Amino acid sequence: MHPLIKKLKELGLKAINHPQKYNPLQEFACRVSTKEIVHSIILADLMRPDGKHYLGRHFIDSLLKKADLDSNSISDVKVATEYRLLGDRWDKRRMDILITNNIAKDSEKEYALIIENKLNDASYLQRQLEDYRDAIKINCPEDKVKILCFHRLKKAEDSVLENSANVKIIYAQEIADLILDAIKNSQTSESCFIKAYSRYLKNLAIENGDIDNADILASDNVSVDDFNELVLLIQDCTSNITNFSEEEVLFLNSMNIAYQDIHKAFVRRIIVETLSSKIKGANKSEPEAGYPFYASVWDETEYRNTEQWLSVGFSESHVHFYLVSHNQEENRRNLLATKAGFGNPKFYKRQGYYWYSPIDPTLQNIEFQGKPDFNEVRCRIECLLSKINKQ
């Protein structure tokens, strides 16, 4: 095996077998996958021990274990979908799935598992999970309320969500594995149909492996030299495929897919470093609306005063830096931009936002080959944020 491939595999990069693109069942499922309630109904039914799937408690018990709940704690499972919160305080919100003990005579057995379904990548509403917890703990002890979130793909902010909201996230791939384990341990005669849904979940989640690979490539664990050598290897593999083993070709194909995602991986890294307080002067970050290769970075308090933020973008050989504002009062917007050192009159408007270049042209870009030096990127972000936040 090529020494570089061996080294990258040791860093955790993986060869991923991607399924064929065309599949009639997959095509059908895509038509309904935009409605997350369909997933909720299917999964809630699999959770019911008395369902026609004949899985018994095998699936629900595995799910309770994932949520760090003893399956004996919820002895008589009650599963509700689209559970409506009562009271004006919660603005008539609905929980996707709520699992409780059907028999609540023994206070020691009063547990509640709230499941938020984000298998279609929907965004969280403000205080959504906190409101769920507050509503349920009125009738259930707070220490016995658990929240489980279903995500299709891993996102940069997932670890922050788990830490700040005290929730547990499981991904589509993990749900699919739980279903397959339940089938294996049950006496169901409906296994082929249930497996079809499990396979669909796996296909939904396969991009996670590509994201993991891209994030490793974007990390400091892979040096610039190794990164550039890998790119040359990928090109060599494409033109001289006979010179590589089948395993090496599969690995390099996976690396090629990850490489195509590398700019988004750089954006994810900016978001993670901001949300984990590794970047000074900012506490919020997300992908720039409409621009997947850009990350918005800002301090929430300062943003409320100025309505402006820093946008950091990646192209083939440059990191780009802009001040962005959606303040509609032109004189104030221009004044604030100028005070921050972005008073370039050649601002341009995109999607209702106003983008300004730094007055000092040396602060506009950082040039790189292959991948940028993130220490330099981080320092530039902190430098520009300090100017924005001084206003």
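The values are calculated or read from the model by the stated rules, or taken from the named source; none is laboratory data. All values derive from a computational prediction rather than experimental measurement. Note that each Cβ is placed from the backbone with ideal geometry, even for glycine, and that neighbours are counted across all protein chains shown. Just the protein is used for accessible areas: all its heavy atoms, side chains included, with ligands, DNA and RNA removed. Shrake-Rupley method; radii C 1.70, N 1.55, O 1.52, S 1.80 Å.
Could you go through the range 125-148 and let me know if any residue there is farther than 25 Å from Leu69 by Cβ and either part of a helix (DSSP H, G or I) or charged (D, E, K, R) (or both).
Among the residues of the range 125-148, not one is farther than 25 Å from Leu69 by Cβ and either part of a helix (DSSP H, G or I) or charged (D, E, K, R) (or both), which makes the answer no.
Which residues, taken from the range 43-59, are assigned to a loop (DSSP other than H, G, I, E, B), under 17 Å from Cys192 (Cβ atoms) and touching a residue at least 12 places away in the same chain (Cβ under 8 Å)?
Scanning the range 43-59 gives Lys52, His53, Tyr54, Leu55.
Do we find a residue being assigned to a loop (DSSP other than H, G, I, E, B) and buried (at least 21 other Cβ atoms within 10 Å of the Cβ) anywhere in the range 185-203? I'd like the intermediate steps shown before the answer.
Going through the range 185-203, the residues assigned to a loop (DSSP other than H, G, I, E, B) turn out to be 185-190.
Now narrow it down to the ones that are buried (at least 21 other Cβ atoms within 10 Å of the Cβ): none.
For the range 185-203, residues assigned to a loop (DSSP other than H, G, I, E, B) and buried (at least 21 other Cβ atoms within 10 Å of the Cβ): absent.
Could you check the range 162-181 and list, in sequence order, the residues that are in a helix (DSSP H, G or I), farther than 14 Å from Ile114 by Cβ and open to solvent by less than 70 Å² (accessible area, probe 1.4 Å)?
Selection gives Glu162, Ala172, Gln173, Glu174, Ile175, Ala176, Asp177, Leu178, Ile179, Leu180, Asp181.
Just one of (1) over 24 Å from the mean Cα position of the chain (by Cα); (2) touching a residue at least 24 places away in the same chain (Cβ under 8 Å); (3) open to solvent by less than 60 Å² (accessible area, probe 1.4 Å) trips up Asn334, so point out which.
All conditions pass for Asn334, except number (2).
Out of Val267, Val272, Val297, I need the residue that is among the β-branched types (Val, Ile, Thr) and at pLDDT below 90. Which one?
Exactly one of Val267, Val272, Val297 is among the β-branched types (Val, Ile, Thr) and at pLDDT below 90, namely Val272.
Give the residue that is nearest to Asn327 (Cα to Cα), with candidates limited to residues of the range 349-359 that are open to solvent by 70 Å² or more (accessible area, probe 1.4 Å) and more than 28 Å from the chain's Cα centre (by Cα).
Top of the filtered list is Lys349.
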